[in-house]
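See below for the structure under consideration.
Each value in this text was obtained by applying a stated rule to the coordinates, not by laboratory testing. Remember, it's a predicted structure, so these values are computed and weren't measured experimentally. We place every Cβ from the backbone using ideal geometry, glycine too, and count neighbours over all the protein chains shown.
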Amino acid sequence: MYQELNPLLLSQLRLAILSYLMVAREAEFNMLKEKTGATSGNLSIQVGKLQEAGYITVEKTYKNNYPLTLCRITPEGIIAFEQFYQDLKTYFDNQKPPSP
């Protein structure tokens with residue numbers, strides 16, 4: 001049986017952000033920009049959507065008198081990512097030929 005996929009994570013950029021944060025747990029905005037290849041504007045919009053969903057937190061601070069935006073994955077974000085992965089697996093598991 002196919003599981004419905006979380007529409008928020010069907011966006012390639014939002015999935016890339018969460019995928020990176022699953023490993024790193026936190027990252028500066030510029031690092032996410034570098035890793036995803038996104039423009040600042042698009043990344044900012046997608047980070048906002050993930051923050052609004054409660055999947056990440058965003059902390060705006062300063063480092064050496066320069067603005068610094070730090071993104072962290074939340075427990076809800078971890079759960080959502082893991083659920084998305086499990087749901088996506090149902091699409092592959094259902095494609096396996098039956099065992100003889």
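Taken over the chain, the convex hull of the Cα atoms encloses 107 Å³ per residue. Does anything in region 14-57 have its amide N under 15 Å from the 7 Å Cα→Cβ label point of N65, and if so which residues? Backbone N within reach: none found.
Note on region 7-90: Lys pairs 8 or more places apart or on different chains, Cα atoms under 18 Å apart, count 4.
Any chance you could run the full-extension gain for E52 through M31? It's 0.36 nm times the residue separation minus the Cα-Cα distance, nm to one decimal. It would help to have the intermediate numbers written out before the result.
Working: separation 21, 0.36 × 21 = 7.56 nm, distance 2.07 nm.
Between E52 and M31, full extension yields an extra 5.5 nm.
So what is the calculated 222 nm ellipticity per residue for the chain, using -39500 (n - 2.57) for each DSSP H run with n of 4 or more, over all residues, to the nearest 500 deg cm²/dmol? Per the formula, -17000 deg cm²/dmol. Using the Cβ-Cβ distance between T74 and L5 with R0 set to 30 Å, the FRET efficiency from 1/(1 + (r/R0)^6) comes to roughly 0.90.
As I understand it, the value is the acute angle between the Cα axis of helix 12-24 and the longest principal axis of the Cα atoms of the chain; what does it come to in degrees, rounded to 10? Compared with the principal axis, the helix lies near 80 degrees.
Contact order for the chain, expressed relative to its length and based on alpha carbon pairs under 8 Å spaced 6+ residues apart, stands at 36 percent.
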